[in-house]
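Here is the structure we will look at, set down as structure tokens.
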Amino acid sequence: MKRSPLPEIIQFRKHPELGVDTLFIRKSSRLMTWHHETYSFGSVLREKGEVQYRGKIELWVPGMTAIQEPGEFHRVTRSYGPHTSQVIFVAPAYMERCIRELGLVRPPHIKIYRTDRADTFSGLKHLFTCLRGNESLLEKESVLAAFALQTLSRYAETQVIPPGHRREHAAVRKVKDIISERYADVLSLDQLALSVGLTKFHLIRSFSHYVGIPPHAYQVQVRISRARELLEQGCPPAVAAQATGFADQSHLNRHFKRRIGLTPTAYLEQVGS
């Protein structure tokens, strides 16, 4: 008898005692879009793909580890087949404690997006299994701390911005801050450009170069992140939609599923409230 193919799985789990969330994706061909407000560590277990990150297209292959910083955006632009991956989202506050352990005075820049080092891949895979297993809290804390410290020690570096790009880079950061603070508001491109002293065309070009998407798409990503927080606090989807600037619940549903592969209701069933 021929076996039926394994179904797609998109499974979130929250680990509040550690300040960590985990995501398991199996046999999915969805072209997901993510805005990261945490540090994100992802390992690809099966199938290749392509990801847009920091304005570039990066290859996604089994055995690699992807690392993303808070405030970053990435989008899967191509899947060569149903992929399987594991992702761990670590709260910035936790990483800041690790940074102090290393004697650094401020968060360093992680310049790379991906690494093919086998020990980083196996370390992340071990951490994922540990977090989702029945191990003691002490073991989970120890494995997480060891992985975070090793990753920062290995891949963090001082950010150097060429002098000619400092002004526009600062402008992009300011616009990101404005959108993050006023995500539910109706913002105009002229308004944003005026606030940083650029033309709207220059702003779109610079923002897309540094972030990977234009300002309006970034606003949608921030709205989705805020909606997730409200849903996890027990807020009904219709109320979360209104609070985060979406026209209505169906508008939220459409963007939510397009970006993370689940409706708000399905997401709530997994993470609880």
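Each reported figure results from applying straightforward, stated rules to the coordinates on display, with no laboratory input. Quantities reported herein were computed from a predicted structural model and do not represent experimental measurements. Note that we place each Cβ from the backbone using ideal geometry, even for glycine, and neighbour counts take in every protein chain shown.
A compact table of results
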quantity	calculated
Sorted by Cβ density within 10 Å, fewest first, the residues Thr244, Thr115	Thr115, Thr244
Label of the coordinate-derived value, mean projected area of the Cα convex hull in nm², listed as (i) 16.3; (ii) 17.4; (iii) 14.4	(i)
Residues Asp21, Asp116 arranged by fewest to most Cβ contacts within 10 Å	Asp116, Asp21
Amide H contacts under 5 Å for Ile110, placed H, 5+ residues apart	Glu157
Cα-centre dipole for region 164-271 with unit charges at Cβ (Lys and Arg positive, Asp and Glu negative), debye to 20	420
Candidates per trypsin sites (Lys or Arg not before Pro) in region 1-101, loop by DSSP, up to 13 other Cβ within 10 Å	Lys2, Arg3
Residue among Leu102, Leu203, Leu192 with the largest mean-square fluctuation in a Gaussian network model of the chain, springs linking Cα atoms under 10 Å	Leu102
Cα lying deepest toward the dipole's positive end in the chain, options Leu187, Gln52, Tyr155, charges on Cβ	Gln52
In order through region 23-28: 3J(HN,Hα) via Karplus (6.51 cos²θ - 1.76 cosθ + 1.60), integer Hz, x for Gly, Pro	9, 10, 10, 10, 6, 10
Net charge contributed by nearby residues that have their C-beta within less than 15 Å of Lys14 (K/R +1, D/E -1)	-2
Test item: Cα-centred dipole of region 9-157, Lys/Arg +1 and Asp/Glu -1 on Cβ, debye	500
From phi via Karplus (6.51, -1.76, 1.60), per-residue ³J(HN,Hα) for region 233-241 in Hz, x at Gly/Pro	8, x, 6, x, x, 5, 6, 4, 4
Nearest-20 debye value, the chain charge dipole, Cβ charges on Lys, Arg, Asp, Glu	840
Gaussian network model of the chain, springs between alpha carbon atoms under 10 Å - residue of Glu139, Glu47, Glu69 with greatest fluctuation	Glu139
